[in-house]
Amino acid sequence: MKKVLLHACGVTLAVVALVASVMTANAQVLKNSEVPKAVMEKFHAQSPKAKSPSWEKEGANYVVTFKEDQSMTKSTYTENAKWLKTAIFVDQEDLPTNVFNVVKKEYPNYDEIMYAYLMKEEKNLQYYLVGVKVSAKDLLAEMRFTLIGNFVRKEEKNLPTAAEMDKMTTEKNTAAKSSGKVKSDSKKKNAKKTDDYLITEDKVPAAVIKTFKKRLMNASDVRWYYKPGDSIYSVKCVVREQNTLGKFTDQGAWISSRTELEKEKVPSAVYKTINTFYPSYKFVSAGKEVRKDKQDFFAIEIIESQYARKGEITTLYLDKSARIKYIEEPGLVAETIEDKLTAEEEKEEKRLDKEFAKDQQLDIFPVKSISADEIPASIHRWTNMYYPEYVYKNIRYEEDEEFEKEGNIYIILIQRPGVGQPYATVYFTRNGKFLKLIDEFRSQEEIEEQMAKHQAAPSVPSQVSTAFKTKVLDANDLTWDQDEDGNWVASYKDKKELSKQMVYTSEAVWVCTRTLTPQNKVPTGIVTYVGKNFSNTEIRECWAVSDPQTKLYYHVNLYNKKNKLDFDMDFTQAGKPMEEVE
């Protein structure tokens, strides 16, 4: 299910009227012609891909139920076509684990979770709404959670009537079928293993056999599987000495074929993507799935070093361009005193660590990651502003072809906590300036709006602007920005066309002035020192800096072409590193 994730803030639960199928008794079913034109136009504009919409009128509001992105969805509008909220059915498997922990704590004897919805309201408010049935107390508890499963509040109501309960069950089953998940939680626990659905070939429809023989020619070791009540037939076989899994509809239409790949046959682009964000892992298996809908992908199973002892697998799904689409990671459980390793386990863990280190040396693209503590504060502020629910999964500091002129940049993978949760990749300069966002779970319009908002000229405090104008009268091409310390930086060119930067605190206190020194005018002492002490290293930028406390000095950005590493050093006017000056 595609989820657009933004910051969740609080409003009262009174706004939400048992969205999860407990409809008001006097809800009136409407024909399309009975829906106001403005409401219908608003709906189509918001949900252009909606399928099978059906309308009802609840009080003065218009409610439409439809299918979008394989999920049952319900949106509410006023008679003036104002959108109020949208509820998206969520299978309980997709809820954050903490939701179940809180429900169990609040209602130890609860019967079941009647419904779960991802709610969207005005001002980008989003949260989970979960309905919990507690027969012992004759109540239905509506509980609200943030997108990472933090409990917000609850509202207790009387249990619905028998008729309303029947309607809830019907809608729940309809929503589950639309997402391909028909069984309830209790049934899932007792579900049969795949091998229990093994059938003989004579029970496979002729149309399926015919398509199978065309799609997977000369297959051997053929085994057919079918789950009663399902519409999909699966086949496991060997094609050209490769294990293959094929899927077909009961009408004989081909759906997909997944072929097992040897490590050496996985495209290097896939390895490069994985190694970018998972620098220490052990390869387990790989497969390529070819699909009728053209959404082909690679499924790569790895074991990260932190999961080595238990052998837990992380599965990465990448599209044809080697971009990560989904991530399924093993659940993490905090270690307690009881989890302390035995001497034998410690020995085994050390052995595994050595194996991982050796295996890592064989990787095609060996790279290293850095910790969140090593990135500029401005990156933390950006993440907290636009992705408050997400956590840092991996941080790279390296060159990228698209931003070659920037030297080393930060490439950061962030993801919402949990298994198979959405992710995003963000690019920043070495100073923490935002460059690019890739988020497959947001529309292009939303990304462009977010980028435009972030890249828009900041609102400079009037006292800062006044202080700058008082001191500088000849500024050309003036732009303002904030550095990682929250100071205001005015970048401009003077009348001699020299690039300059003047820095002020938010209280308009002057911090420093920097002037970019042309390459042919970098002090000889600095050039000599760099050439003598750093091989394969070039001077990229040299800024003359003046501030209230220090004599004029030079701030120099250096780049090692061999190691692809850039770093900064400060020099005195005589060309001596300031760190060596007592």
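The values are calculated or read from the model by the stated rules, or taken from the named source; none is laboratory data. This one's a predicted model, so the numbers in the text were calculated from it and none came from an experiment. When we count neighbours, we look across all protein chains shown, and the Cβ atoms used for this are built from the backbone with ideal geometry, even at glycine. Ligands, DNA and RNA are excluded from the accessible area calculation, which covers all protein heavy atoms including side chains. Shrake-Rupley method; radii C 1.70, N 1.55, O 1.52, S 1.80 Å.
Just a few scattered comments:
- Rough spin-label spacing in nm, given labels placed 7 Å along Cα→Cβ, for ASP477 and VAL222: 7.0 nm
- Summed side-chain charge close to ILE209 - residues other than ILE209 whose Cβ falls under 13 Å, Lys, Arg +1, Asp, Glu -1: +2
- Estimated inter-spin distance, GLN28 and GLN549, nm [label 7 Å along Cα→Cβ]: 7.3 nm
- Förster-model FRET efficiency, 25 Å R0, LYS157 and ASN98, C-beta, rounded to 0.05: 0.60
- Prolate/oblate/rounded label for the range 425-582 (Cα gyration tensor, a/c 1.5): oblate
- Violating pairs (Cα-Cα greater than 18 angstrom) within the set LYS37/LYS57; LYS67/LYS120; LYS405/LYS576; LYS105/LYS154; LYS104/LYS154; LYS405/LYS433: LYS405/LYS576
- Label zone at LYS214, where the point sits 7 Å out along the Cα-to-Cβ direction: the range 279-301 residues whose backbone N lies under 19 Å: 290-294
- With all protein chains kept in place, the per residue accessible area of the range 210-267 amounts to 62 square angstrom at a probe of 1.4 angstrom.
- Within the assembled protein chains, the solvent-accessible surface assigned to THR572 is about 40 Å², based on a 1.4 Å probe.
- FRET efficiency for the GLU122 to TRP510 pair, using the beta carbon distance and R₀ = 51 Å, is estimated at 0.75.
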